[in-house]
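Structure first, commentary second.
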Amino acid sequence: MISFNPTTRTFNLHLQNSYYAFQIDEQDRLLHTGWGIRPRDAASDDVVSGLSPHLPFDPPWSFITQYRPDEILTFGDVTAFQATLKASFPTLPQPLAAGESAHLPVRDLRLRYLSHVIVTDAQPGLAPTHGIPVENTTPRETLRVRLKDPVQAIFVTLCYRLTPEHDIIERWLELENAGAETVTLDVCYFSSLHLPNGTTELTHVTGTWAREFTPHRERLGIGTRVLESRSLQTSHNTNPFFMLNRPGHAWEETGTVYFGALAYSGSWQMAFEQLPTLHMRVHAGYNPSDDQLALAPGERHTTPAFVTGVCPDGWGGASRRFHAFTRERVLPRPVRDSRFRPVLYNGWEASYFDLSYAGQAELSRKAAAMGVELFCVDDGWFGARRSDHAGLGDWFVRADAFPEGLEALVAEVHRLGMKFGLWVEPEMVNPDSDLYRAHPEWVLHFPGRPRTESRNQLILDFGREEVVEYIFNLLDTLVGRYAISFFKWDMNRLATEPGSVAGQAIWRRHVAGVYSLMDRLRAKHPGLDIQSCSGGGGRVDVGILGRTDQVWVSDNTDALDRIRIQEGYSLAYPARTMEAWVTHEHNHQTGRVLSLGLRFDVAMRGVLGIGSSLNQLSEAELAEYARYIAFYKRIRPVVQDGVQYRLERLEEFGASVVEYVLPDGSEAVFSVVVREYLIGVARPAALLKGLRSAATYAILDRDEKEIYRATGYELMTLGLPLETIGPVGYSRTLHLKRV
Ligand code: DGJ
């Protein structure tokens, strides 16, 4: 609910557990009033009146100035600290006073209130255009507050879209240059947040290739801590989400936690700024490092959304709000036979570039026999692709591997009752390719300067519309010709030397180009699903999830490493999007040998995939895979649609216990993996959540054998007895069903 008090000129935004308030001051500036948890007994019409006077933000002493919490901080009103927007104007705004020097450009922007409106159809920038509905399409209120510089012809609209049931406010800006000259924006965040002073404990993730999503918690000092990507994808090194709380005031299931995530997959930045006064601000949006946004006369620009919220129930509460928001409001809900993500087979680690019809057909028969539903052919099926040195860009079937085309394999996969998926890396080109030989000018580079190849490839210049169009036509033809149900959409390098015909706009044009390709393909082929992959988890964010169905979280498939990676992933993203494979006993990334049970127990925590060399497995091993897959199909409605609790996180006792429970408490999945077993240490019991106290639950093993029975009350007070979850150094997945 959004309300406005015209007397005090105060806005109140009410969500299920939280409030947000700001006020128009006597000089028509927007001042942040507060953001936090509503008292439990608050009535729906209890609001912040706006009558209490603000603190003196600009005391007259020199060196103590500019602490005013403007809803939008502009360079001009603020220069000593970080601004949300910084603009350069090339002309004089008005006649100069006598003696004033006429130096240009004018880097001064001050935004003042003009008007506001509440609507239910507002969309942030780069919202999906594929037309596929999301799970929950009920309209949401958006407050739009229009501001203008007193003399420059520039309008800025601050947008606040409410998803009250998840305590989430999406924030974005709409910019309009109504003047006669181009205005450049050197800084353009999607919004700035003011958090209560002392909210300085930051939870985020760090990583690199094969070590994505490593959770980190740190205490911020005075100054600015920056998380960012300086590439054309989201980044392996960190991810655009955060949680913030007062140190010691929040834990997994308790305490007030602020959270935020960017719906953008390119060069982004989040700056956490603690002023010397302890004022705490978060600025997030386009990375200002090289992304100058030029607004031509008459031009408008709408930024993507900064998804923000605050909750009273700890980091777990923040994660569950992120999950529910993404499941219900972000992910496309394609029309298909089952609402659950299929069990996938991917042959990358089984075949690498050594592809043949016979080898793939044999894998597909074994995969189908064990219950796989989607068979995906990975890299190597096209052009001259016999290694990563050649072929990218030539999206035509490799005749030496598939002499009769791909049709025979597709037909075999369909005959076996599976869907067919294909790997592509559409934004890239190898210099050793027909595409590059035909169009050497189509790659990002600075003329006359060295350019770096990475994995022997260059990035296509999506600043050129003809390039994006060319790629669309190729992918569109592939989907039509081979009845493709699933693209694994990869991107295997960072951007360097980002020279483009689009200039600095390439940072945004590239993301917009990728999104538009996905949106157009999905609109034309509603049966097509897409997996986002960038050498593993390099492109995961709320923006890409608006047009993809699942993501490849990491190339690291070692189950013990994977527990940590998946735990970090679960901080912001739902299990329904987390593709996880069971691969070989002897892991290809770490060399570690791990049991099949452990590998399945970890992979079944998301969207199960198989990546093992099936042609090297015995009949007995294949049968074991089939048993696990049958079990996964029984529990996946709970894993993929359930509410997730991290009952124990690795950081405390080296064990990870995750529970998924259906909202009505009728079924749950309990998954335990002990990574660091210490003799003589009795870990705390993992108490289940979300069950019904009065109900009785049967606890079933993977063969549906009942191994224990207890009331919801007992399970939520005492947990499961140790003998049901196994001895030391174990992993186990159990299915709880209300009887
Ligand atoms: C990187 C991906 O993460 C892998 O799964 C695989 O698809 C390779 N690229 C193929 O080149």
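The values are calculated or read from the model by the stated rules, or taken from the named source; none is laboratory data. Remember, it's a predicted structure, so these values are computed and weren't measured experimentally. Neighbour counts run over all protein chains shown; Cβ positions are idealised from the backbone, glycine included.
Rundown of residues vs (1) in contact with a strand residue (DSSP E or B) (Cβ under 7 Å, 6 or more places away or on another chain); (2) under 19 Å from Ile471 (Cα atoms), yes/no style:
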{"position": "Ala512", "(1), (2)": "no, yes"}
{"position": "Tyr515", "(1), (2)": "no, yes"}
{"position": "Pro526", "(1), (2)": "no, yes"}
{"position": "Asp529", "(1), (2)": "yes, yes"}
{"position": "Cys533", "(1), (2)": "yes, yes"}
{"position": "Gly536", "(1), (2)": "yes, no"}
{"position": "Ile544", "(1), (2)": "yes, yes"}
{"position": "Ala559", "(1), (2)": "no, no"}
{"position": "Gly568", "(1), (2)": "yes, no"}
Worksheet item: Taking into account only those residues within segment 9-56 that are of a type in the set (Ser, Thr, Tyr) and not in a strand (DSSP E or B), which is farthest from the chain's Cα centre (by Cα)?
Response: Ser52
Discussion item. Step by step: first the residues of segment 364-381, then only those that are closer than 30 Å to Ser454 by Cβ and out of contact with any strand residue (DSSP E or B) (no Cβ under 6 Å at 6 or more places or on another chain), then the one that is nearest to the ligand (Cβ to nearest atom). Which residue is that?
Written reply: Gly380
Worksheet item: Is there a residue being crowded, with 18+ Cβ neighbours inside 10 Å, hydrophobic (A, V, I, L, M, F, W, C) and touching a Cys at 6+ places or on another chain (Cβ under 7 Å) anywhere in segment 109-125?
Response: yes
Practice prompt. Could you check how many residues of segment 453-477 are of a type outside the set (Asp, Glu) and either in a loop (DSSP other than H, G, I, E, B) or surrounded by 19 or more Cβ atoms within 10 Å (Cβ to Cβ) (or both)?
Written response: 13
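For segment 469-505, what are the residues that are of a type in the set (Asp, Glu) and either under 22 Å from Arg333 (Cα atoms) or within 16 Å of the ligand (Cβ to nearest atom) (or both)?
Pass one, segment 469-505, residues of a type in the set (Asp, Glu): 469, 476, 490, 497.
Of everything in segment 469-505, those that are of a type in the set (Asp, Glu) and either under 22 Å from Arg333 (Cα atoms) or within 16 Å of the ligand (Cβ to nearest atom) (or both) turn out to be Asp476, Asp490.
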Fill in: Members of segment 567-578 that are part of a helix (DSSP H, G or I) and either within 16 Å of the ligand (Cβ to nearest atom) or within 13 Å of Val673 (Cα to Cα) (or both)
Glu567, Tyr569, Thr577
Discussion item. I'm trying to understand the selection: among the residues of segment 162-218, which are closer than 26 Å to Tyr67 by Cα and of a type in the set (Ser, Thr, Tyr)?
Written reply: Thr184, Tyr189, Ser191, Ser192, Thr199, Thr200, Thr203
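One residue is enough: does segment 328-348 have a residue meeting the conditions in a helix (DSSP H, G or I), away from the ligand (no atom under 16 Å from the Cβ) and closer than 23 Å to Ile635 by Cβ?
The answer is yes; a qualifying residue exists.
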Worksheet item: Name the residues in segment 586-638 that are aromatic (Phe, Trp, Tyr) and closer than 11 Å to Ala559 by Cα, would you?
Response: Phe600
Worksheet item: Does segment 296-304 include one or more residues that are out of contact with any helix residue (DSSP H, G or I) (no Cβ under 9 Å at 6 or more places or on another chain) and either hydrophobic (A, V, I, L, M, F, W, C) or within 16 Å of the ligand (Cβ to nearest atom) (or both)?
Response: yes
Practice prompt. Note down all Cβ pairs under 7 Å where the first residue falls in segment 263-276 and is of a type in the set (Asp, Glu), the second is crowded, with 24+ Cβ neighbours inside 10 Å, and they're at least six residues apart or on different chains.
Written response: Glu273/His283
Worksheet item: Do we find a residue being away from the ligand (no atom under 16 Å from the Cβ) and in a strand (DSSP E or B) anywhere in segment 385-397?
Response: yes
Discussion item. Given the condition within 14 Å of the ligand (Cβ to nearest atom), modelled with pLDDT of 95 or more and among the aliphatic types (A, V, I, L, M), answer yes or no: does some residue in segment 506-527 qualify?
Written reply: no
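Within segment 655-739, which strands (runs of 3 or more DSSP E) (wholly inside it) include 2 or more residues that are among the hydroxyl-bearing types (Ser, Thr, Tyr)? Give the derivation first.
Numbers: elements: 655-661, 667-674, 696-700, 706-711, 731-738.
Fully inside segment 655-739 and qualifying: 655-661, 696-700, 706-711, 731-738.
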Item to complete: Kindly establish whether Gly405 is of a type outside the set (A, V, I, L, M), away from the ligand (no atom under 14 Å from the Cβ) and free of Cβ contacts under 8 Å to residues at least 24 places away in the same chain.
Response: yes
Worksheet item: Of the residues that make up segment 309-329, is at least one surrounded by fewer than 21 Cβ atoms within 10 Å (Cβ to Cβ), within 30 Å of Ile459 (Cβ to Cβ) and modelled with pLDDT of 95 or more?
Response: no
Worksheet, complete the sentence: Only one of Arg564, Arg592 is more than 16 Å from the ligand (Cβ to nearest atom), outside the structural domain of Met243 (by TED's automatic domain parsing) and more than 20 Å from Phe242 (Cα to Cα), namely Arg592
Fill in: Single unsatisfied condition, Ser351 versus (1) within 16 Å of the ligand (Cβ to nearest atom); (2) of a type in the set (S, T, N, Q); (3) not assigned by TED's automatic domain parsing to the domain that holds Ala620
(3)
Item to complete: Scan Glu218, Glu176, Glu170, Glu165 and give me the residue that is closer than 30 Å to Asp558 by Cβ and charged (D, E, K, R).
Response: Glu218
Worksheet entry | Residue selected from segment 528-545 under the condition of a type in the set (Gly, Ala, Ser) and not in a loop (DSSP other than H, G, I, E, B), by the criterion farthest from the ligand (Cβ to nearest atom) | Ser532
Worksheet item: List the pairs whose first member sits in segment 437-455 and is assigned by TED's automatic domain parsing to the domain that holds Ile471, whose second member is of a type in the set (Lys, Arg), and whose Cβ atoms are under 8 Å apart, counting only residues at least 6 apart or on separate chains?
Response: Trp442/Arg464; Val443/Arg451; Leu444/Arg451; His445/Arg451; Ser454/Arg493; Arg455/Arg493
Discussion item. Quick check on segment 685-706. Is at least one of its residues within 23 Å of Leu650 (Cβ to Cβ) and among the basic types (Lys, Arg)?
Written reply: yes
Worksheet entry | In segment 602-623, the residues that are surrounded by fewer than 18 Cβ atoms within 10 Å (Cβ to Cβ) and part of a helix (DSSP H, G or I) | Asn615, Gln616, Glu619, Ala620, Glu621, Leu622, Ala623
Discussion item. Anything in segment 456-468 that is more than 16 Å from the ligand (Cβ to nearest atom) and either in contact with a helix residue (DSSP H, G or I) (Cβ under 8 Å, 6 or more places away or on another chain) or not assigned by TED's automatic domain parsing to the domain that holds Val410 (or both)? List them, or say none.
Written reply: Leu460, Asp461, Phe462, Gly463, Arg464, Val467, Val468
Item to complete: Can you tell me which residue among Val187, Val226 is in a strand (DSSP E or B), out of contact with any Asp or Glu (no Cβ under 7 Å at 6 or more places or on another chain), without any contact (Cβ under 8 Å) to a residue 60 or more places away in the chain and farther than 30 Å from Glu648 by Cβ?
Response: Val226
Item to complete: Specify the residue that is farthest from Arg493 (Cα to Cα); the eligible residues are those in segment 226-248 that are touching a strand residue (DSSP E or B) at 6+ places or on another chain (Cβ under 6 Å) and surrounded by fewer than 17 Cβ atoms within 10 Å (Cβ to Cβ).
Response: Pro247
Worksheet item: Within segment 479-527, which residues are assigned to a strand (DSSP E or B) and within 19 Å of Leu458 (Cα to Cα)?
Response: Trp489
